[in-house]
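J.: Here you go, one structure.
The values are calculated or read from the model by the stated rules, or taken from the named source; none is laboratory data. All figures in this text were calculated on a predicted structure; none of them were measured in a lab. When we count neighbours, we look across all protein chains shown, and the Cβ atoms used for this are built from the backbone with ideal geometry, even at glycine. When the accessible area is computed, the model is the full protein with side chains, heavy atoms only, and any ligands, DNA or RNA have been set aside. Shrake-Rupley method; radii C 1.70, N 1.55, O 1.52, S 1.80 Å.
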Amino acid sequence: MSPTAPRSTAELEPRHLLTAEDRCDSCGAQAYIRVTMATGELLFCAHHGSRFKEKLSATALEWHDESSRLTEGDR
Ligand SMILES: [Zn+2]
C-alpha cells in the first residue's frame, strides 16, 4: 500500500526535462528521475531513483520520472 504518491509531471508535461547532462547525485550515471524537495532538487538514475523512492516520496514535492525512456526507443 502506498500512501499519496506524488504526481508524475510526465503525464502533464510531455516534454522531457532531463538531458544527458543531468547526472545522478549518487553514482554519476545519466539521471532519469528528478525529485523536487522543499530544500531543492535531487537527480537520480533509474537505479537510485527506485532505490530512494520509498524513502523520499513521503516528503518529495514532485517526483518526475523519465525512466520509462530506458525501455522505449529502438522499435
Ligand atoms: Zn545512480
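J.: State, to one decimal in nm, how far the label point of GLU62 lies from the label point of GLU21, with both points 7 Å from Cα in the Cβ direction.
T.: 1.9
J.: Roughly how many debye, to the nearest 20, is the charge dipole of the range 11-67 about its Cα centre, given +1 on each Lys and Arg Cβ, -1 on each Asp and Glu Cβ, and no other charges?
T.: Value, rounded to 20: 200 debye.
J.: Right, next: Express the carbon and sulfur contribution to the solvent-accessible surface of the range 11-67 as a percent, rounded to the nearest whole number, probe 1.4 angstrom.
T.: Heavy-atom surface of the range 11-67 belonging to carbon and sulfur, 1.4 Å probe: 49 percent.
J.: So how do SER26, SER57, SER50 rank on accessible area, 1.4 Å probe, biggest first, that is with the largest at the start?
T.: SER50, SER26, SER57
J.: I would also like to ask the following. Quick one: if you take sqrt(5λ) for each eigenvalue of the C-alpha gyration tensor of the range 11-67, what semi-axes come out, biggest first, whole angstrom?
T.: Details: eigenvalues 49, 41, 20 Å².
Here the semi-axes work out to 16, 14, 10 Å.
J.: Hey, another quick one. Could you order HIS64, HIS16, HIS48 so the one with the most accessible surface comes first? Probe is 1.4 Å.
T.: Numbers: HIS64 0, HIS16 105, HIS48 25 Å².
Solvent-accessible surface, decreasing: HIS16, HIS48, HIS64.
J.: Relative contact order for the range 11-67: what is it in percent, counting Cα pairs under 8 Å that are at least 6 residues apart?
T.: The normalised contact order for the range 11-67 reaches 33 percent.
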